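K.L.:
Below is a structure I'd like to ask you about.
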Amino acid sequence: MFTKLFQQSAVPREYRSNFLHLYFDIGWYGLLSGSALNFLNIYATRIGASGYQIGLIGAMSAVVSLCLAIPTGRWLQTQNTGRAIFWSSIFYRIGFVAFIFLPMLSDKMGQIWAIIGITFFMAIPLTPLGVGFNALFAEAVPVEFRAHVAAIRNVMLAISYMISSLISGYILKHAAFPFGYQIVFGIGAVGAAMSSYHLFFIRPLKADSPATQPTPIPPPLTLRPYARNLSTTLRLDIWNTRFRNVLLVLFAFHLTQYLAIPIFPLYNVRVLNLSDEHIGIGTALYYLTVLLGSTQLRNIAHNIGNKKLTAWSVSSMSLYPLLLAFSTHVWHFYGLSLVGGFTFAMISGSYANYMLEHIPAHDRPSHLAWYNIVLNAAVLIGSLVGPAISDMIGLTSALLLFAALRFLAGLTILKWG
């Protein structure tokens, strides 16, 4: 099964270097994700962060990206996409080094606000990285291989995430607090650096480079000069295309996704009383089914298409908060981790391809800039509103509500996407 998935003989030689570096990029990113990213919110929760503060950690990035996404998209139009993404990743991932030194601060509340502040400044280079990576992926991978490459990237992510989360959980169990977290944050910094290293070698294909595409002829405008210039700058014409529906349904998906995310660490630590080792094992089980599901992604996407796969996967993501709301024991947590991992494998490997199917090759950065705005608006609203709702109706009721909303979001993609 895995041998067939990784087989390179069917891949033309000129594509192999890009594909391999994309695989290693996500593999090292999995090391970062399974360690520093996985346990950052857990660390903040353990030192006393409130739901509002956990939400702010995600909201800070969203605020910056909302302000910078459009100018970033225009800037990327004039840049070599590969070089721009590489340097953006370098400046963004320097921030993970700062997390290593956080526990040295004696004031726990100061540490929490330092996390929020560091996240805010990291969001500045994260914006071009977020806007541009999907464009780089589209330029570096021919359309007929995108599901294949996405599936293997999911496998690489799952393997490295499983290993790093298990190792991190073991370290946190046996090392003194907070020194164990410093080790985990250090592991994440190494993964971040190596991921950026492999991004350096990814090259846009000449045949798909925006430079080789015909320059689009702008539609005739009857607006006054100032309004016309503003509309052109903001690329409001994109909202008059079929891509508008894609943006709206992906907003619904991401909103329901991020409403629940700040609630998970609070429920795991304060209701289920999970240890760091339990969370590490649960994360490993989650990515075990990500790994297994990714091996089937290409076939499923081929049979039903990226739109239907995205829609049903988003609806299936409702199972995670639904099952978590009824969990009372660590074994329940392990079981829902297995279920959640499979649905994540499907959605993470399909929704970007679904979106790229609706974007003209010559105009990817501007379309993806608007997607980045929609994404970060959902992150901002979800990160702040989710904890507020849980404060009003309780963690369990909030999880049930967010599960229902996730299910409906999937149906909106199926009907209107």
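The values are calculated or read from the model by the stated rules, or taken from the named source; none is laboratory data. Because the structure is predicted, anything quoted here is derived from the model rather than measured. FYI the Cβ positions are ideal-geometry reconstructions off the backbone, even for glycines, and counts take in every protein chain you see. These accessible areas exclude ligands, DNA and RNA; they are computed on the full protein's heavy atoms, side chains included. Shrake-Rupley method; radii C 1.70, N 1.55, O 1.52, S 1.80 Å.
K.L.:
If a residue must be in contact (Cβ under 8 Å) with a residue 12 or more places away in the chain, open to solvent by 10 Å² or more (accessible area, probe 1.4 Å) and not in a helix (DSSP H, G or I), how many such residues does region 122-176 contain?
P.N.:
Going through region 122-176 one residue at a time, the tally reaches 1.
K.L.:
Any idea which of (1) outside any helix (DSSP H, G or I); (2) under 30 Å from residue 301 (Cβ atoms); (3) small (Gly, Ala, Ser) is the one residue 191 doesn't satisfy?
P.N.:
It fails just one condition, (1).
K.L.:
In addition: Just name the residue that is nearest to residue 278 (Cα to Cα) out of those in region 320-374 that are polar (S, T, N, Q) and open to solvent by less than 40 Å² (accessible area, probe 1.4 Å).
P.N.:
Only one residue fits best here, namely 337.
K.L.:
Which residues, taken from region 39-77, are small (Gly, Ala, Ser) and farther than 30 Å from residue 280 by Cβ?
P.N.:
The answer is 69, 73.
K.L.:
Among the residues of region 226-240, count how many are within 19 Å of residue 354 (Cβ to Cβ) and either surrounded by 15 or more Cβ atoms within 10 Å (Cβ to Cβ) or at pLDDT 95 or above (or both).
P.N.:
1
Per-residue answers, yes or no, for (1) open to solvent by 20 Å² or more (accessible area, probe 1.4 Å); (2) over 19 Å from residue 189 (Cα atoms); (3) part of a helix (DSSP H, G or I); (4) touching a residue at least 60 places away in the same chain (Cβ under 8 Å):
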{"position": "17", "(1), (2), (3), (4)": "yes, yes, yes, yes"}
{"position": "23", "(1), (2), (3), (4)": "no, no, yes, yes"}
{"position": "36", "(1), (2), (3), (4)": "no, no, yes, yes"}
{"position": "42", "(1), (2), (3), (4)": "no, no, yes, yes"}
{"position": "72", "(1), (2), (3), (4)": "no, yes, yes, yes"}
{"position": "79", "(1), (2), (3), (4)": "yes, yes, no, no"}
{"position": "82", "(1), (2), (3), (4)": "no, yes, yes, yes"}
{"position": "116", "(1), (2), (3), (4)": "no, no, yes, yes"}
{"position": "119", "(1), (2), (3), (4)": "no, no, yes, yes"}
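K.L.:
Follow-up. Can you find a residue in region 295-304 that is without any contact (Cβ under 8 Å) to a residue 24 or more places away in the chain, surrounded by fewer than 23 Cβ atoms within 10 Å (Cβ to Cβ) and under 30 Å from residue 238 (Cβ atoms)?
P.N.:
Yes, there is a match, as at least one residue in region 295-304 is without any contact (Cβ under 8 Å) to a residue 24 or more places away in the chain, surrounded by fewer than 23 Cβ atoms within 10 Å (Cβ to Cβ) and under 30 Å from residue 238 (Cβ atoms).
K.L.:
Moving to a separate point now. Can you tell which of 72, 127, 81 is under 18 Å from the mean Cα position of the chain (by Cα), β-branched (Val, Ile, Thr) and more than 30 Å from residue 393 (Cα to Cα)?
P.N.:
On inspection, the qualifying residue turns out to be 127.
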